[in-house]
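Here's the structure, in structure tokens; my notes come after.
The values are calculated or read from the model by the stated rules, or taken from the named source; none is laboratory data. Everything numeric in this text was worked out from a predicted model, so none of it was measured. Glycine gets a Cβ as well: all are built from the backbone with ideal geometry, and neighbour counts include every protein chain shown. When the accessible area is computed, the model is the full protein with side chains, heavy atoms only, and any ligands, DNA or RNA have been set aside. Shrake-Rupley method; radii C 1.70, N 1.55, O 1.52, S 1.80 Å.
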Amino acid sequence: MKEAIILLNNHLREVFEKSTTWFIILFITQIITIAIVIYTYLELENSNYHYYMNTKTSLEKIHNVKIDTYDGNIETKLSTEEKIIRKQNRKWHLKYLFK
């Protein structure tokens with residue numbers, strides 16, 4: 001039993017020594033991939049936001065109303081609790097988290 005554990009330990013050490021560079025390359029590739037995905041998400045979010053804001057502005061001018069940018073309903077006076085909830089949701093949104 002002791003010999004089997006020693007052989008297993010030696011074998012794992014050899015595998016790790018041979019593949020350390022591959023693990024490092026894989027790890028760096030994963031970090032770069034995650035960064036590209038987040039960047040792409042933020043860019044798409046910005047383009048959708050600008051499209052939405054242009055459409056919203058046009059609708060406001062046509063119908064003479066104010067549209068809430070948070071949920072798209074007609075704008076009303078918010079309670080303090082609703083303001084706090086919106087502020088907390090915005091703080092943890094991915095779009096504002098990385099800016």
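Of everything in region 1-21 that's aliphatic (A, V, I, L, M) and either within 30 Å of N73 (Cβ to Cβ) or loosely packed, with under 10 Cβ neighbours inside 10 Å (or both), which residue is modelled with the lowest pLDDT? Within region 1-21, the match that is modelled with the lowest pLDDT is M1. Close contacts from region 53-65, counting a first residue that is closer than 20 Å to K77 by Cα and a second that is loosely packed, with under 11 Cβ neighbours inside 10 Å, with Cβ to Cβ under 6 Å and a gap of 6+ residues or different chains, come to V65/I74.
Which residue out of I85, I28, I24 is open to solvent by 90 Å² or more (accessible area, probe 1.4 Å) and without any contact (Cβ under 8 Å) to a residue 12 or more places away in the chain?
The match here is I24.
When region 45-73 is filtered for residues that are modelled with pLDDT of 75 or more, open to solvent by 100 Å² or more (accessible area, probe 1.4 Å) and not in a loop (DSSP other than H, G, I, E, B), the ones remaining, listed by number, are K61, I62, H63.
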